[in-house]
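Scroll down for the structure; my scribbles are underneath it.
Where a number appears in this text, it was derived from the coordinates with a stated rule and is not lab data. Remember, it's a predicted structure, so these values are computed and weren't measured experimentally. Note that we place each Cβ from the backbone using ideal geometry, even for glycine, and neighbour counts take in every protein chain shown.
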Amino acid sequence: MYKPEFRYYLITDRKQSTRRTLVEAVAEACRQGIRAVQLREKGLPGRELYELADEVRTITLRYHARLFINERVDVALAVGADGVHCPESGLAPAAVRRLSSNLLIGASTHSLKAAEQAAAGGADFLLFGPVYQTPSKMKYGDPQGISRLKAVAGAVSIPVYAVGGITPERARPCLEAGAYGVAGISSLLQAESIGQRAQEWKRVLGGL
Amino acid sequence: MTKKLRGVYLITDTRIQQRFSHKELTRQAVQAGVRMVQFRDKDAPAAEALNHVRGMAEETAGSDTILIVNDRPDLVLAGGADGVHLGRDDLPIPVARRLLGGMIIGGTSSAVEEAVQVEREGADYVALGHIFETRTKHKPYVPRGLDILKQVRQAVSVPVVAIGGITLLNAPQVIEAGADMIAVSSAICKADDPEKAARLLVDLFR
């Protein structure tokens, strides 16, 4: 079984990277020790996404960080990413696994059932949330809360990352509920100092 | 490619009509002898798109009809299709080639220079459009017409697919102007009897 070497999973969103370009933000995060990046840029045409992914691949390789591409297995294969991240509405982990035995597979899940399915389908790790209220995940309904996170972490044998409104202060209960790590967008992307924020995460997670 | 790419190219559409699914339209197209069928739905979530592609692949399996997926080489591979069609904003053709090997890759063009470039990038066919006014897909430029089709036919050696506003009435001129294939959506999908409409278009190539 794959034991991820990262405890913090940075998810991108160019629209939330308002203080600096997304590429600058990713580069700074990796420089500050972030070890896994999921490129999740909705609405970008394939060519632009490929070019951005290629650029981010260069950065992540330079800092020995893992790169996951949201949804697009073709783009992940084309740029030599480490893995694919499957949203619930995208290709299922099992379908991705049939396309490539080498890609790591992360999967976003919003229910216990989806988490069990993704794990059975060959996902290497899961995201579960939103644990707390967060503007970017409002469409997934009310927050799941710590108790459901705990149920999911207890039900699957692969690592589960808590996602959704998680700040360094709120991370402790997630870890106590069984989360392997934390995933987030705005915490790092919108930080005034990415370095300082990364240090906070490192402290609370016991490593990045 | 085993046989020359020539004939009718159907882009199934379930927005301009809701009577038939992608799979049902594909079945009728296969029956009628349509040469290529393309799945295109940029808004469908990938899981849903994959189900459509798989359903269509069941219909084209064992037939001479080639199944193409718009924009997504990964859906081609996961869904059991035969190739991909790439617009100018989609993955670069050489990148798709690395993923798909000898499968079919088509590229979009709207001018002679673009068609030449698409061929140079390694496309197996070049689509040119839109030839006539079309309402299926919004286009920010004027129809390309038959003259440019003739020029593109002269300028490239791969098959040329004419697309945009083609009907049973104007299709003969398009073929006359040198199109190896005519791509249609409304002309078949919106017909009272799609299979019959497809057959009439297929017969133009006999």
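Summary table below
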read-out	value
Rounded, prolate or oblate (a/c below 1.5 giving rounded, otherwise prolate when a/b exceeds b/c) for region B:18-116 by Cα gyration tensor	prolate
Sorted peptide list for B:141-154, B:23-36, criterion being average Cβ within 10 angstrom, highest first	B:23-36, B:141-154
B:R206 versus B:Y141: modelled label distance in nm, points set 7 Å from Cα along the beta carbon direction	3.7
Burial ordering of A:H85, B:H22, fewest other beta-carbon atoms within 10 Å first	B:H22, A:H85
Label point distance in nm, B:S63-B:K42, each placed 7 Å from Cα along Cα→Cβ	2.7
Tensor-based shape of region A:44-131 (alpha-carbon gyration tensor, a/c under 1.5 rounded, otherwise prolate or oblate)	prolate
Shielding by other protein chains, B:68-80, mean Cβ within 10 Å	4
Relative contact order of chain A, defined on C-alpha pairs under 8 angstrom at six or more residues apart (%)	22
Distance (nanometres) between label positions extended 7 Å along Cα→Cβ at B:T167 and A:L112	5.9
Rg and Dmax of the protein assembly as shown, Cα atoms only, in Å	23.9, 74
Calculated FRET efficiency for the pair A:E88/B:R120, C-beta based, R₀ 41 Å, to 0.05	0.50
Modelled FRET efficiency - R0 41 Å, B:E176 with A:D54, Cβ distances, 0.05 increments	0.40
Packing-based ranking, highest mean first, of A:56-67, B:71-82 given that Cβ atoms within 10 Å are counted	B:71-82, A:56-67
Other-chain or far-sequence residues with amide H under 5 Å of A:V160's (modelled H)	A:L126, A:Y180, A:G181
FRET efficiency, 1/(1 + (r/R0)^6) with R0 25 Å, evaluated for A:Q199 and A:E24 via beta carbons	0.85
When the convex hull of its Cα atoms is projected in every direction, mean area for region A:8-205 (nm²)	9.9
Shielding score for B:87-95, defined as the mean number of other chain Cβ atoms within 10 Å	5
Shape call, chain B: gyration tensor on alpha carbons, a/c limit 1.5	rounded
